[in-house]
Amino acid sequence: MMERMDVREEIVYDASPDEVFEMLCDQGFREKVCRGIGSVRYEVTITRDGDKARILNDRTMKADLPEVARKIVGDTIQMVQTEDWGERQSDGSRTGTFHVEIPGKPGAITGTVSLSPSGGGSREVVSGQVKVSIPFVGKKLETEVAKGMSAALKVEGQIGAKWLASES
């Protein structure tokens with residue numbers, strides 16, 4: 001049985017968890033992140049149900065992968081990411097789950113996301129596992145996907161910090 005590649009990123013914001021959550025649920029913010037990470041096509045759908053939220057992000061990116069990987073996935077890669085956020089807790093924290101599927105390819109990323117108060121701001125933690133079920137090259141592809149996810153989350157954090165600073 002193949003093991004999964006773990007990925008974990010923390011993003012610290014100078015804003016309350018409520019402010020960060022509203023940003024994460026903002027169509028304009030999500031589209032700006034898509035552009036910031038180099039998506040060549042994207043569609044963002046945000047559904048609110050009371051205090052809960054579902055964010056669906058269907059994006060296509062250039063496959064910035066080694067040649068052996070590009071032979072498998074092609075020059076672009078579509079990723080469909082679904083985030084399901086739970087209700088706000090009394091301290092302002094929230095938790096949720098996410099799932100990223102790669103249509104037509106044997107790979108996925110699944111995990112959890114949390115948003116909690118931290119000092120005078122908040123901390124978002126994204127933790128998940130990358131799984132690519134391709135014999136011999138799966139582990140290498142998992143490493144590349146994990147690197148790409150970490151890089152995208154860092155860009156999201158930078159865009160988020162600027163977004164929140166302009167909102168205040």
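Every number in this text was worked out from the coordinates using simple rules, so none of it is lab data. Since the structure is predicted, the reported quantities are computational estimates derived from the model, not experimental observations. Backbone-built Cβ (ideal geometry, glycine too); neighbour counts: all protein chains shown.
Some notes on this structure:
- Restraint check, Lys62/Lys147; Lys32/Lys140; Lys32/Lys154, Cα-Cα greater than 19 Å: Lys32/Lys140
- Computed from the alpha carbon positions, the gyration tensor of the range 47-134 leads to an equivalent ellipsoid with semi-axes of 31, 14, 11 Å, biggest first.
- For the chain, the spherically averaged projection of the C-alpha convex hull amounts to 9.9 nm².
- Theoretical gain in end-to-end length, Glu10 to Ser90 [0.36 nm per residue, Cα-Cα removed]: 26.6 nm
- Taking the range 76-119 and a reference point 7 angstrom along Cα→Cβ of Gln129, the backbone N atoms nearer than 18 Å belong to 96-102, 106-114.
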